[in-house]
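A.B. asks: Encoded as structure tokens, here's the structure I'll be asking about.
Quick note: the coordinates plus some simple rules give every number you see, no bench work behind them. Model, not experiment: these values are computed from the prediction. When we count neighbours, we look across all protein chains shown, and the Cβ atoms used for this are built from the backbone with ideal geometry, even at glycine.
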Amino acid sequence: MIIPALEGLTLSKGNAGGTDAIIVPDLDGHRDFGPDDIALICDRRSGVGADALMRIVRIVGGTGETGWRIDAWDASGDLIDDPGPLVRLAAHYLRVSGLILMEDGQTVDFETAGGPRAATRSGAGYAVAAALALPASDEGLERGFDVAVTLDGVDGMMAGLTISSDRRSVVVAVEREEDLTSATGGVQYDPNPRAPGLVLVHPEGDTAFLDFDGVERPATVFQLRAFERGVEGPAGDRWVRDAAIALATWAGESATGIYHAESGRYRTEVRLTGGEVEITGMAEIVAEFMLTGLAGEGR
């Protein structure tokens with residue numbers, strides 16, 4: 001596979017917050033590639049495969065100071081306004097590539113199509129601001145639920161809370177860990193909330209932890225699984241955020257405001273403060289590569 005605009009570059013592939021991306025270090029911002037090129041390289045059968053392609057561009061100001069811009073496109077080649085967890089991945093790439101020095105607590109700023117974004121290093125992870133999500137109805141906000149839910153593989157009917165954001169989800173708390181495991185993703189709603197996402201949460205209670213400033217604070221710990229239209233996927237940032245919003249709604253005035261989500265080998269932290277959401281999680285670089293083709297072909 002040859003994409004002329006990307007020849008000669010060492011590309012990387014990484015993931016953060018349930019999203020994987022191919023990283024293009026176009027530091028001078030001189031390379032042009034179109035939607036067809038992006039769709040080709042992101043295709044999981046005929047290309048490398050990824051949810052998105054992210055270009056990182058160096059910006060040199062009039063005073064000589066260096067800044068950074070993220071241009072991100074989805075697998076169809078459409079521009080992404082808010083890169084979301086890809087901001088974490090961009091910061092991690094710059095740090096591990098030696099392009100920036102980023103000690104614990106330091107922040108790197110980015111320009112994006114949707115405005116300025118920033119990532120702050122926090123131990124082994126990175127903290128980024130996320131869009132706020134809310135219960136979709138006054139009923140849900142007041143009562144803590146707005147839909148009856150029946151899960152395939154789990155006995156009984158449960159209450160669900162619809163969370164509204166860029167993509168709606170229904171969050172359901174299951175009391176037993178075995179119910180979290182046995183759920184298949186099949187679900188029936190009454191009434192139908194027209195939500196593509198189903199987030200199953202198994203709360204494990206509150207625990208005290210030593211925060212970044214040396215102060216001991218309580219956090220709510222939970223496990224989760226996430227399904228989109230019946231198919232299980234990674235517990236990405238938006239589903240973890242929706243789960244935290246639901247837990248905060250259910251807890252009311254006793255809500256801790258800090259939520260630690262356990263999903264597989266990942267831990268994600270969500271902080272809800274004054275109507276703002278901050279998500280801290282890992283970012284990984286899993287491969288470096290160059291695009292090639294068979295000799296004499298693909299050009």
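A.B. asks: Based on the Kirkwood radius over alpha-carbon pairs, what value in µm²/s does the Stokes-Einstein equation return for the translational diffusion coefficient of the stretch 1-125 at 37 °C and 0.692 mPa s?
C.D. replies: Values: Rh = 14.8 Å.
D, rounded to a whole number, is 221 µm²/s.
A.B. asks: Let me ask you something else. Would you please give the FRET efficiency between R217 and S122, computed as 1/(1 + (r/R0)^6) with r the Cβ-Cβ distance and R0 = 22 Å, to the nearest 0.05? Don't jump to the answer; show the numbers that get you there.
C.D. replies: Numbers: r = 14 Å, r/R0 = 0.65.
My answer for the efficiency is 0.95.
A.B. asks: I'd like the FRET efficiency for R143 and E175, computed as 1/(1 + (r/R0)^6) with the beta carbon distance as r and R0 of 30 Å, rounded to 0.05.
C.D. replies: Values: r = 19 Å, r/R0 = 0.62.
That gives a FRET efficiency of 0.95.
A.B. asks: Further question: For the charge dipole of the stretch 134-274, defined by +1 on Lys and Arg C-beta atoms and -1 on Asp and Glu C-beta atoms about the Cα centroid, which residue among G160, Y259, P193 has the Cα displaced farthest towards the positive pole?
C.D. replies: P193
A.B. asks: Let a ≥ b ≥ c be the square roots of the eigenvalues of the Cα gyration tensor of the stretch 196-284; is it rounded (a/c under 1.5), or, if not, prolate (a/b larger than b/c) or oblate?
C.D. replies: Values: a/c = 1.86, a/b = 1.47, b/c = 1.27.
Verdict is prolate for the stretch 196-284.
A.B. asks: Using a Gaussian network model of the chain with C-alpha springs under 10 Å, which one of M158, M54, M282 is most mobile by mean-square fluctuation?
C.D. replies: Highest fluctuation among the options: M158.
A.B. asks: A further question follows. For D78 and A129, FRET efficiency with R0 = 22 Å and r from the beta-carbon atoms, rounded to 0.05?
C.D. replies: Numbers: r = 23 Å, r/R0 = 1.04.
That pair, A129 with D78, gives E of 0.45.
A.B. asks: Assuming 0.692 mPa s and 37 °C, estimate D for the stretch 23-87 with Stokes-Einstein, Rh taken as the Kirkwood radius over Cα pairs, in µm²/s.
C.D. replies: Details: Rh = 12.5 Å.
Using the Kirkwood radius from Cα pairs, D works out to 262 µm²/s.
A.B. asks: Follow-up question, since we're still on this one. For A287, what is the net charge nearby, where nearby means another residue's Cβ is under 13 Å from its Cβ and Lys, Arg count +1, Asp, Glu -1?
C.D. replies: Here the count lands on -2.
A.B. asks: Full-extension gain between A5 and E204, please, as 0.36 nm times their residue separation minus the C-alpha to C-alpha distance.
C.D. replies: Between A5 and E204, full extension yields 66.7 nm more.
A.B. asks: What number, in nm² with one decimal, is the all-direction average of the projected area of the convex hull of the alpha-carbon atoms of the stretch 134-274?
C.D. replies: Working: hull surface 33.7 nm².
Average of the hull's projected areas for the stretch 134-274 equals 8.4 nm².
A.B. asks: Among I80, I70, I100, determine the one that fluctuates most according to a GNM of the chain built with springs between C-alpha atoms less than 10 Å apart.
C.D. replies: I100
A.B. asks: Additional query: Divide by every residue of the chain the summed helix terms, -39500 (n - 2.57) for each DSSP H run of at least 4, and state the resulting mean residue ellipticity at 222 nm, rounded to the nearest 500 deg cm²/dmol. Before the final figure, lay out the partial values.
C.D. replies: Working: 5 runs with 46 residues, N = 299.
One gets -4500 deg cm²/dmol as the mean residue ellipticity at 222 nm.
A.B. asks: Per the Kirkwood treatment, what hydrodynamic radius in Å, one decimal, follows for the chain from the mean inverse distance over all distinct Cα pairs?
C.D. replies: On the way: mean 1/r = 0.0486 Å⁻¹.
For the chain, the Kirkwood estimate is 20.6 Å.
A.B. asks: Among residues other than M102 whose Cβ falls under 11 Å from its Cβ, what is the net charge (Lys/Arg +1, Asp/Glu -1)? Spell out each step's value before the answer.
C.D. replies: Numbers: positive: R95, R121; negative: E103, D104.
After counting each charged neighbour, the total is 0.
A.B. asks: Follow-up question, since we're still on this one. Label points 7 Å out from Cα along the Cβ direction at R69 and L99: separation in nm?
C.D. replies: 1.3
A.B. asks: Using a Gaussian network for the chain with springs between C-alpha atoms less than 10 Å apart, which of these wobbles most: T63, T220, T162?
C.D. replies: Between T63, T220, T162, it is T63 that shows the largest mean-square fluctuation.
A.B. asks: Volume per residue, Å³, of the convex hull around the alpha-carbon atoms of the stretch 75-133? Walk me through the numbers before you get to the answer.
C.D. replies: Working: hull volume 6.4 nm³, N = 59.
Normalising the Cα hull of the stretch 75-133 by residue number yields 109 Å³.
A.B. asks: Let me ask something additional. Compute the long axis of helix 237-251 from its Cα atoms, compare it with the longest principal axis of the Cα atoms of the chain, and write down the angle in degrees, 0 to 90, nearest 10.
C.D. replies: That works out to roughly 20 degrees.
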